[in-house]
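Shown next, in structure tokens, is the structure this report addresses.
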Amino acid sequence: MTASSAPVPANEFERLMGLSEFDIDYSDHKNTFNDLARLAAKVAGTRISLVNLIDSFTQWTISNHGLDTDQILRTDSVCQYTIMNADSFEVTDLSADDRFKDKDYVTGDPNVRYYYGVPLKTGSGLPIGALCVLDQERVFLDPEKVELLKIIADEIVSRLKTIKIMEALKTKLLEAKQSQRKVAHDIRGPLGGIVGLAQIIKDQGESNQMDEVLEFINLIHKSGNSILDLAEEILDSNRDKRAVVSPNGADSSRFDLTVFKDKLEKLYGPQARHKQVVFSVNITPLTANISFSKNKLLQITGNLISNAIKFTPPLKSVTVDLGLLLHVDKPTLRIRVKDEGVGMDSNGVSAILLGKAASTEGTDGEEGYGFGLALVKHLISSLNGQISIVSEPGKGAAFVVELPQKIY
């Protein structure tokens, strides 16, 4: 099968953008949707139900019932066909379908035969994944059950939206607390000066000279103006924050390099092990516990890692280096994804940086969809970051991303 035979929605880039807007940590929501996954299986009368989200390379199972699974390659999934359909997708016997009959989940445990999937759609109709039910035997779903599955699918998307809103509110609350601490610190100085000068005037009583009193009043006036200026600055800052936060739903909750490393190892280690690629993540110890926003970081880095694994032969390595550079004027997160894969020439590098790269097969024939790196470039630009690539044919590739950060 060639890359061109992979089912790709006509609006694939917009679909991936819609998924990235949720900025989902695929490892964090096992319990968030368990009740809905269980309910879907109950409604359909099946042994298995999965809540799947599909990015450019991987199908992520964010919740499951009856089958303990976290992820599979998108090319191995059935749900990749569900997102191609406006309504639903059904396969009555996977073992009799040439697209699926040789898949591990059909030929081995759990030996599934029946599949029914409902696309998970955003408010604008973009399919970001699927709610699916599976069983070892043929299942017959009447219209009422189908309608209930669609209602459950809508509720899953509603919860994803709620999670996004809650993350935005948590970020605003954190920023408000930080502003409170800053205000308390910045106002303490001018107020202390005013109180001190007033105390001097009081203590000197009738011995105050008029020119001294005028000088004290002048100093008090300056201190009072500095407080007013600070108040105006705070109000302007809050107005700017509101303008920036509304369109995109704000930053996600913050985390540090240690948490970042753990999440990358948990999410992408299985992909590397599946292909027998040596995968490692390194962090700078001195800044390992300094908190910053995780806004879009898992989306950006995850796509780069999946791409690196795709083009790296078995027994070779993919290494991720994470560092927080504490420049006084602009703290910067530096992400370096280095592989020992097939590499590319200068034309290939230029095509990626210009957003014109075409999809190619990986070293094990993995199919591509051609939008992962384009999404990465778009997200980096939206965060005012930069990306650079160093590569030669046969000598692997190194992708370096630098993103300005707000340190917490």
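The values are calculated or read from the model by the stated rules, or taken from the named source; none is laboratory data. Please read all numbers here as calculations on a predicted model, not as lab measurements. Reconstructed Cβ throughout: ideal geometry from the backbone, glycine too, with neighbour counts over all protein chains shown.
It is to be established whether one or more residues within the range 4-19 are of a type in the set (A, V, I, L, M, F, W, C) and without any contact (Cβ under 8 Å) to a residue 60 or more places away in the chain. Scanning the range 4-19, I find at least one residue that is of a type in the set (A, V, I, L, M, F, W, C) and without any contact (Cβ under 8 Å) to a residue 60 or more places away in the chain, so the answer is yes. Cβ-Cβ distances below 6 Å connect the following pairs, each with a first residue in the range 326-337 that is under 12 Å from Leu257 (Cα atoms), a second residue that is charged (D, E, K, R) and not in a loop (DSSP other than H, G, I, E, B), and a separation of six or more residues or different chains: Arg334/Glu402. Pairs are defined by a Cβ separation below 7 Å, a sequence spacing of at least 6 or placement on different chains, a first member in the range 74-103 that is touching a residue at least 60 places away in the same chain (Cβ under 8 Å), and a second member that is in a loop (DSSP other than H, G, I, E, B) and of a type in the set (D, E, K, R); the pairs so defined are Thr75/Glu366; Thr75/Glu367. Please enumerate the residues belonging to the range 308-351 that are of a type in the set (Gly, Ala, Ser), surrounded by fewer than 19 Cβ atoms within 10 Å (Cβ to Cβ) and touching a Ser or Thr at 6+ places or on another chain (Cβ under 9 Å). Selection gives Ser317, Gly323, Gly343, Ser346, Gly348. Among the criteria (1) over 22 Å from Pro270 (Cα atoms); (2) at pLDDT 95 or above, the one Val106 does not fulfil is (1). Report yes if Asp25 is under 26 Å from Asn303 (Cβ atoms), in a loop (DSSP other than H, G, I, E, B) and not aromatic (Phe, Trp, Tyr), otherwise no. For Asp25, the condition - under 26 Å from Asn303 (Cβ atoms), in a loop (DSSP other than H, G, I, E, B) and not aromatic (Phe, Trp, Tyr) - is met. Mind checking which pairs have a first residue in the range 285-302 that is in the same structural domain as Val376 (by TED's automatic domain parsing) and a second that is aromatic (Phe, Trp, Tyr), Cβ under 6 Å, 6 or more apart or different chains? Pairs that qualify, where the first residue is in the same structural domain as Val376 (by TED's automatic domain parsing) and the partner is aromatic (Phe, Trp, Tyr), are Ser291/Tyr408; Lys294/Phe255.
Filter the range 63-111 down to residues that are closer than 21 Å to Thr32 by Cβ and acidic (Asp, Glu) and give me whichever is surrounded by the most Cβ atoms within 10 Å (Cβ to Cβ). Within the range 63-111, the match that is surrounded by the most Cβ atoms within 10 Å (Cβ to Cβ) is Asp70.
Within the group Val146, Val133, Val112, which residue is in contact (Cβ under 8 Å) with a residue 40 or more places away in the chain and either among the polar types (S, T, N, Q) or assigned to a loop (DSSP other than H, G, I, E, B) (or both)?
Val112
Checking Ile156, Ile152, Ile72 one by one, the residue that is assigned by TED's automatic domain parsing to the domain that holds Phe33 and part of a strand (DSSP E or B) is Ile72 and no other.
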